[in-house]
1. List, please: which pairs have Cβ atoms under 7 Å, are six or more places apart or on different chains, and start with a residue in segment 58-75 that is touching a residue at least 24 places away in the same chain (Cβ under 8 Å) and end with one that is surrounded by fewer than 24 Cβ atoms within 10 Å (Cβ to Cβ) and of a type in the set (Lys, Arg)?
2. Enumerate the strands (runs of 3 or more DSSP E) found wholly within segment 108-173, keeping only those where 2 or more residues are under 19 Å from Ile83 (Cα atoms) and among the β-branched types (Val, Ile, Thr).
3. For segment 73-87: of the residues being in a loop (DSSP other than H, G, I, E, B) and of a type outside the set (Val, Ile, Thr), which is nearest to the chain's Cα centre (by Cα)?
4. Just checking, does segment 135-150 include any residue being among the hydrophobic types (A, V, I, L, M, F, W, C), closer than 16 Å to Ala175 by Cα and touching an Asp or Glu at 6+ places or on another chain (Cβ under 8 Å)?
5. Say we look at segment 194-225 and pick out the residues that are surrounded by fewer than 18 Cβ atoms within 10 Å (Cβ to Cβ) and without any contact (Cβ under 8 Å) to a residue 12 or more places away in the chain; which of these is farthest from Leu283 (Cα to Cα)?
6. Just need a number here: residues in segment 178-205 that are outside any helix (DSSP H, G or I), under 28 Å from Ser87 (Cα atoms), at pLDDT below 95 and not basic (Lys, Arg).
7. Considering only segment 11-25, state which residues are over 18 Å from Gly135 (Cα atoms) and under 22 Å from the mean Cα position of the chain (by Cα).
8. Of (1) under 21 Å from the mean Cα position of the chain (by Cα); (2) over 22 Å from Cys196 (Cα atoms), Tyr253 satisfies all except one. Which?
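The values are calculated or read from the model by the stated rules, or taken from the named source; none is laboratory data. As the structure is a prediction and not an experimental result, all values here were calculated from the model. All Cβ positions, glycine included, derive from the backbone under ideal geometry; neighbour counts span all protein chains shown.
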Amino acid sequence: MKESTKLMFQKHGWRVDRFVHNYYYFLFYYPYVAISRRFILLLKYLSWCKPIVPVGKMVFNRYHSKVLSHEDTRKIFTLNEDIRHVSDENKKIVPYKYATKIIFQEPDNIVVMDCPCKKATNAPKEDINSCIAVGKSVTSFWLEQCQKYHPRKISQQEALEIIHRFRKKKHITQAFFKVATGGSTGVICNCHPDTCVSLQATKFAGRISDQLSMTAKSGYSVVFEGERCVACGHCADMCGFDAITFVNGRRTYTKDLCMGCGLCVEDCPENAMSLYVDPDKPLPLDLDMIRARAASPSI
């Protein structure tokens, strides 16, 4: 048995079923996601089918993502210590039933590999190598057993440069959680609404029920400084969720549609926008906040 297989087996303990799922999920990463995408595309045509909601909730509670702001992403890729936060309190950050563990072990052990979503949606070749794993339990498996998906070890600085490059191309940053991979984050990807199966699943499922979502918002909303805004439209162009629109030079911001990714803030040439922690949304995956809450549970 390969060393990376042993590590994966140890992670799951007595849940051999989850080990098997995890093993084949990564070993056949592309066909797994490609088949899932075909199923998800059926949601387009099932908006009338309310009995599918319980099935959808069961699936979406086990595989989902958390949108990250640029600053919260930076904190992950500058970690010099292990983070292990396993608590029901995490559901305030990752509002799902099962996969909610926030664990970053050996955070400087980082590998980037081809994204199965981008392969399945025929994204440009230069964009495909964009899935980032953090921690030896995942990176060792990718390097040892997933060579067909072109994994390569990178530094924390290189990871941040990849993320910055993709954010300039309108890709949001997401941390992925999956019961079959241990219920914790460990894979962080650069996702575009046109080429991300997870974002597409949330979009199509929303037509069936507002209870179905595979994507947790970052926890932030946008505030505008009216005096600085020159109505250039850059923010609307960067937004992949139609949260910002301009009609006849007049800006409209729909907070409920905003994922809090921060792309609009970063691209504003007048610095007329900023993010704030929105009490109406899940808490951010902010490592500083998580440490503070762990030290003082009353926070």
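1. Filtered contacts from segment 58-75: Asn61/Lys97; Arg62/Lys178; Tyr63/Lys178; Val67/Lys217; His70/Arg167.
2. Filter on segment 108-173 gives 110-114, 129-134.
3. So the residue we want is Phe77.
4. No - not one qualifying residue is present in segment 135-150.
5. Of everything passing the filter in segment 194-225, Gly206 is farthest from Leu283 (Cα to Cα).
6. Residues that pass the stated criteria total 5.
7. Result: Arg18, His21, Tyr24.
8. Of the numbered conditions (1) under 21 Å from the mean Cα position of the chain (by Cα); (2) over 22 Å from Cys196 (Cα atoms), the odd one out for Tyr253 is (1).
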